[in-house]
Amino acid sequence: MSPRATRPRRQRLVAGLTAVGVTASLTALVSPTAAAHPRHLDKQPVAVGSGGAVSSVDPYATEIGLEVLRRGGNATDAAVATAAALGVTEPYSAGIGGGGFFVHYDAATGDVETIDGRENAPAAMPHDAFIDPETSQPYPFFPDMVTSGVSVGVPGTPATWDAALREWGTYSLAQALRPAVQLARRGFEVDEEFREQTLDNAERFSAIEPTAELFLPGGDAPAVGSVFRNRDLAHTYSELGRRGVDWFYTGPIAGEIAETVQNPPRSGDTNLPVPAGHLTAEDMADYAVERPEATRHEYRGYEVVGMAPPSSGGTTVGEMLNILERFDLASMTTDEALHHYLEASALAYADRGRYSGDNRFVDVPVEELLSDDFAAERACELDPTTAADKPVAAGTADGDYDPTCERTDTELVERPDTEGPSTTHLSVVDRWGNVVAYTLTIEQTGGSGITVPGRGFLLNNELTDFSHVYDPEDPNRIEGGKRPRSSMSPTIVLRDGEPWLALGSPGGSTIITTVAQTLINRIDLGMDLPAALAAPRATQRNTVTVSAEPGFRDAHGAALEAYGHAFSTTSQLGAAAAVEVLPDGEVQAVAEPERRGGGAAGVVYPRR
């Protein structure tokens, strides 16, 4: 008997009776009449109230999640419905052609459990998959390597949605998808971010015939203010809901995906190589989500719960915070605290590069990386007054530690960062206190650039997250059937055993620092959650320079340069989405006020 079948009959009836109401409400949301223009929705970055909350990057998706909560759905129902809507409105960041990590807190049991829906490499993927046979060198990363069948892994998102709903939801997959079906049919209003992302990818989108037809109609990106509809995706979602997840992995669409990867539908107007990939229908049929135990560690009285390998998020955020717990950040000036943050980050990223990968294939010492003793030994390498020369060496996570700072057992490991900056995140809390933190992706903005003909969704380029040059000592080396290392860091923070904060972000390998810096801002530096998210960011991933937003350099650059930090400038880091449970039981949903065009936060019953 499935987990859904064992739920109380009342919950199942509520879900069944309200699904029609959700669809009707969404119809009013996107189009009061069949021919009307979709209603414009403003992005609200902060909302406080009761009855549940949703935070994401998109107002249509957030409103759909809230409507599910209003109609009696729980956090999982709302998370899947929101994610499906993001597949419509944020197709360059997420969708059923990708994968992700789902973290769930169950209010009835107090358990935090996870779903690993990361993409699999095809069984036949060779070690030299990213080497150009004509040059014997790796393909240029962008646009050549990412725009390819060889970059496509077996999608995990549909299996994630199905597993989550069966385990914790009250909706069927069809019910959870129905609002997104309506949204895809009725359309949404194109904003500047959508048009800009389309134009940024115009060269590679135009290289793939079905992608050009869908996203570059008439040879141009959709105009700001126009209505973008995706009837192919609406049909695909409808079929997925009606036929079930096995249809996606073993039915005709599985063969279509494999054929598209092996024979990318190139247009006649491109010089990009678009090499063929290795994914087969058998790879699709063999896919299954994993259920790893969540990572856990204490930080200043809070329990931080995250995602285990193949995500490096839980271990690297955890190690960074464990190192910082050896220092009293709250008593420091902001610049002193930020120096410690940057140095702890470099140390943790050194260990990430040395140890992190898919633990079905490599031995990732999760317990050691999150141990207080290892953190104490690594903290010996942090000089409170001077920035270390970068890159720093990795520690030895072997269970034998000397916190007296007399031991210097380290190993310098230099491996390039290969993760793209895209992805999306959503956080949900329902009226019963269930919580979801869910990060999902197709990797690069626009994924592989390859749309499955007639299906309306882009395939991922997740396999470029592997190290591109094979090294048998590299935990993130390419292997058939393996999942590439990820930095996605969906995080739930507990206070006194109860949920306090759900948090996550896009941003490739900078996700880890975005999550950690937000937690430091909130816990150590006295910021409330809106300020903690809005504060300017910097990321130190064990590189010679710190990559920082202009606002960070303006506020802190000169002081931190005095410690020896060197800077480079990036326009923006991440796009976090969070929900905090307030002391009075209300919830505060917070999204980005400006990054990536701003996010959308909402609550079921706003505070009056």
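Observations on the structure shown:
- Cα-based radius of gyration for segment 36-91, normalised by 2.2 N^0.38 Å, reads 1.10.
- Peptides 309-319, 511-521, 552-562 ordered by packing proxy, namely the average of other Cβ atoms within 10 Å per residue, highest first: 309-319, 511-521, 552-562.
- The listed residues 104, 235, 468, once ranked by accessible area (1.4 Å probe) with the largest placed first, stand as 235, 468, 104.
- Given charges at beta-carbon only (K, R positive; D, E negative), |dipole| of segment 177-268 in Debye: 500 debye
- Listed residues 221, 177, 210: farthest to the positive end of the dipole of segment 160-242 (Cβ charges): 177
- Rh by Kirkwood over Cα pairs, then Stokes-Einstein D for segment 317-460 at 0.692 mPa s and 37 °C, µm²/s: 183 µm²/s
- Whole-Å semi-axes of the ellipsoid equivalent to the chain (Cα gyration tensor, √5λ, descending): 35, 29, 23
- Working note: Cα atoms of segment 94-147, range along each principal axis, descending, whole Å: 59, 23, 17.
- Value of Rg/Rh across segment 568-608 [Cα atoms, Kirkwood radius]: 1.12
- Using a Förster distance of 22 Å, the FRET efficiency for residue 389-residue 559 (Cβ separation, nearest 0.05): 0.65
- For residue 321, the shell of other residues with beta-carbons less than 13 Å away shows a net charge of -1, using +1 for Lys and Arg and -1 for Asp and Glu.
- Nearest-10 value in Å² for the accessible area of residue 331, using the 1.4 Å probe: 90 Å²
- Computed over segment 161-212, the P(r) tail beyond 11 angstrom holds 76 percent of alpha carbon pairs.
- Here segment 449-568 is treated as an ellipsoid with the same Cα gyration tensor; its semi-axes, largest first and in whole Å, are 31, 22, 16.
- Percentage relative contact order, segment 189-285, counting C-alpha pairs under 8 Å, at least six apart: 31 percent
- Sequence-distant contacts, meaning Cα pairs under 8 Å at least 6 residues apart, place the relative contact order of segment 65-187 at 33 percent.
- With the charge dipole of the chain set up from +1 on Lys and Arg Cβ and -1 on Asp and Glu Cβ about the Cα centre, the Cα lying farthest toward the positive end among the listed residues 375, 387, 240 is that of 240.
- Where only DSSP H runs of four or more residues are counted, the chain gives -10000 deg cm²/dmol as its mean residue ellipticity at 222 nm, each run worth -39500 (n - 2.57).
- For the Cα trace of segment 214-328, dividing Rg by the Kirkwood Rh returns an Rg/Rh value of 1.15.
- Magnitude of the charge dipole for segment 488-608, about its Cα centre and with charges confined to Cβ atoms of Lys, Arg (+1) and Asp, Glu (-1), is about 280 debye.
- Within segment 151-297, all pairs of alpha-carbon atoms sorted by distance into 10 Å bins from zero give the percentages 10, 29, 35, 22, 4, 0.
The values are calculated or read from the model by the stated rules, or taken from the named source; none is laboratory data. Everything quoted here is computed from the prediction, not taken from an experiment. Every residue, glycine as well, gets a Cβ built from its backbone with ideal geometry; the counts of neighbours run over all protein chains shown. These accessible areas exclude ligands, DNA and RNA; they are computed on the full protein's heavy atoms, side chains included. Shrake-Rupley method; radii C 1.70, N 1.55, O 1.52, S 1.80 Å.
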